[in-house]
Amino acid sequence: MLRAERGACHPVGEPWYASGMRALSSTLGLLVAAGCGGASAEPTFPDGHDPAYAASFEGERDPRVSTSRGEPGGYVVLWPRIVPAGSDEALAATAAAVQRRLVALTEEVADGAPIDVRPSPERVCPRQGCRAASVGAALLHANGRCAVVLITSPPGASRAHLDAWVGEVDILNSSPPFRDPPEEHLRVRELVPCADVAGALEEAPEELSTNIRGVRPS
């Protein structure tokens, strides 16, 4: 629900940092404003058609695309997608913590199936899809605060499944098309300090493990 105030659109109950985040909303897909004053905003996503998601990859190599498709019956654990992209060392450390937790959750449900852990910055399966089920995450950040969304997908060029994990995130479309930028399907309501993400990751709902288990064909 939105209210009009001094000619602007503001989500009711928006957090204190929302004014700063609105400047990033076109990249993060945050705080989508629609219906204010009868007008609807059409957000743009500069990273939404980057080569790691939209290019054909025929005859080209992109470092963000996994160089391994994994083994049939197993898992590929991808490097987290950082949104907006950045090279900050603290973000890299947070992304590494996210991937470690992804690996731990995957090991718990893999029943001995092979697990291929991809290094930075390999965050997406190639155009033809992975042979293994894929497990990844979106690490959203603004002003030193973060949210994490789990991304799981069956083998092949399959639709993904999105699950909120850290922070308060509305999933607008829980099953986006293969390689569609996940941030286009999210609305973040509340972030947590990025320094607290590692601890917050330990509180993984059982649903996350169930969904990781479910994307691997039995």
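Where a number appears in this text, it was derived from the coordinates with a stated rule and is not lab data. Predicted model only: the values in this text are computed from it and were never measured. Positions of Cβ are generated from backbone atoms using ideal geometry, with glycine treated the same way; all protein chains shown enter the neighbour counts.
Structural remarks
- The label-point distance for Thr67 and Thr210, in a model that sets each label 7 Å from Cα toward Cβ, rounds to 3.9 nm.
- Residues with amide H under 5 Å from that of Val117, placed H, sequence gap 5 or more: Val77
- The range 62-78 versus the range 126-146: alpha-carbon centroid distance in Å: 12
- If you sort the three axes of the alpha carbon gyration tensor as a ≥ b ≥ c, you get a/c of 1.5 or more for the range 135-199 and a/b above b/c, which makes it prolate.
- The simple Förster model, with R0 at 22 Å and r as the Cβ-Cβ distance, assigns Ser218 and Ser174 a FRET efficiency of 0.50.
- When the Cα gyration tensor is reduced to axis lengths a ≥ b ≥ c, the ratio a/c is 1.5 or higher for the range 83-128, and with a/b not above b/c it is classed as oblate.
- Unit charges on C-beta of K, R, D, E only; dipole of the range 93-180, Debye: 320
- Peptides 144-154, 203-213, ordered by how many other C-beta atoms sit within 10 Å of their residues on average, highest first, read 144-154, 203-213.
- Using the Cβ-Cβ distance between Ser87 and Arg159 with R0 = 30 Å, the FRET efficiency computed as 1/(1 + (r/R0)^6) comes to roughly 0.50.
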